[in-house]
Amino acid sequence: MVIECKHVWEHISGYLDGTLDPAVRELVQKHLEHCEICSAILDSTRNILILTADERVFELPLGYSERLHARLEAEMRGIAPPIDSEDG
Amino acid sequence: MIETPASRDEAQMIASILAGNSQAFHELIRPYERSVYVMALSLLKNEADAEDAAQEAFLKAYRNLAGFRAEAKFSTWLISIVLNEARSRLRRKSAVKMESLDEPLDEQGHVSPALLRDWREIPSEAVERGEVRVMLQQAISDLPPIYREIFLLRDVEELSIDESATALGISVSAVKVRLHRARMMLQKKLAPQLKQVNPKRRWFPWL
Ligand SMILES: [Zn+2]
């Protein structure tokens, strides 16, 4: 059985996550072996996911952690211990 | 990043906080500071607002810690708190035009990828380059909100599909559909742009 390019595109995400059912995965795999366009789409998508997951894409503001803990410190003192808030 | 460090017993830490050792809360949240900020930023698109929303979310988590149910992961619970916090801030800014949740997709909701004949691998070092970083940030930021959220949870913060579904309060199959579209939207936008990145230039221009 042959599968068309545009059907392969519907499975790119599932293919990358390993969530396709084995029969579909097999069809996609076979198609990828001879289709350079779908292979390039798969490779570029995988590459883009690696780049966007890089921690350097979103940098924390300088001093974020210090300010967070300082605020928690200041406000937690004024908050009743969390166990009480549930009962109240 | 969202992985629970192996040596931590979070249930024990939470029990200790609830027993009055509030200082342990600082340690409990440390591994998730970044995820909570990034999720706030993804919706609010402004660093100062995102930082404030993140602080608020951690305070809410502290206040409501007794209501945390151990069947969920603490990290997933935190993420759902910050998403709610950021969404309610967006709603409060009612003067600001709300982003539409409906995006022009073709009738089946398909997103066609950018067609390429080959792909030259872009190494991770490329992210050091400001132009590449801005390209990636912009593409993510331009995703419609429902796709931006799922993409960040799954592909940036690396939650599992099940955890993403829990954090967003949607079904596993909705997670898969949205994630697929988000990834295809990014491929469609970024693949042609990244192809233009000059391979002859060194990734570390200062070396
Ligand atoms: Zn093909």
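The values are calculated or read from the model by the stated rules, or taken from the named source; none is laboratory data. Owing to the predicted nature of the structure, the values given are computational and were not obtained by experimental measurement. SASA here: full protein model, heavy atoms, side chains in, ligands and nucleic acids out. Shrake-Rupley method; radii C 1.70, N 1.55, O 1.52, S 1.80 Å.
Each Cα pair under 8 Å and six or more residues apart adds its sequence gap; the mean of these over the residue count of the range B:26-80 is a relative contact order of 34 percent.
Computed in the context of the full set of protein chains, the accessible area of the protein assembly as shown at 1.4 Å probe radius has 53% of its extent on carbon or sulfur. Once the 1.4 Å probe is applied to the protein heavy atoms, the protein assembly as shown comes out at 50 Å² accessible per residue. Rounded to the nearest 10 degrees, the inclination of helix A:22-34 to the longest alpha-carbon principal axis of chain A is 60 degrees.
With 40 Å² as the minimum drop in accessible area between chain alone and full protein complex (1.4 Å probe), the qualifying residues in the range A:61-75 are A:Pro61, A:Tyr64, A:Leu68, A:His69, A:Arg71, A:Leu72, A:Glu73. Pairs from the table (A:Lys30/B:Lys176; B:Lys60/B:Lys176; B:Lys60/B:Lys93; B:Lys73/B:Lys189; B:Lys45/B:Lys93) lying more than 25 angstrom apart at Cα are B:Lys60/B:Lys176; B:Lys73/B:Lys189. Each residue of the range A:61-74 was assigned a 3J(HN,Hα) from its phi angle through the Karplus expression (A = 6.51, B = -1.76, C = 1.60, θ = phi - 60°), giving x, 4, x, 4, 5, 4, 5, 4, 5, 5, 5, 4, 4, 5 Hz with x at Gly and Pro. In order along the range B:133-146, phi translates into HN-Hα couplings of 4, 5, 4, 5, 4, 5, 5, 5, 5, 7, 5, x, x, 5 Hz, rounded to whole numbers, per the Karplus curve 6.51 cos²θ - 1.76 cosθ + 1.60 with θ = phi - 60° and x for Gly and Pro. Give me the summed buried accessible area for the A-B pair, 1.4 Å probe, to the nearest 100 Å². Interface between A and B: roughly 5300 Å².
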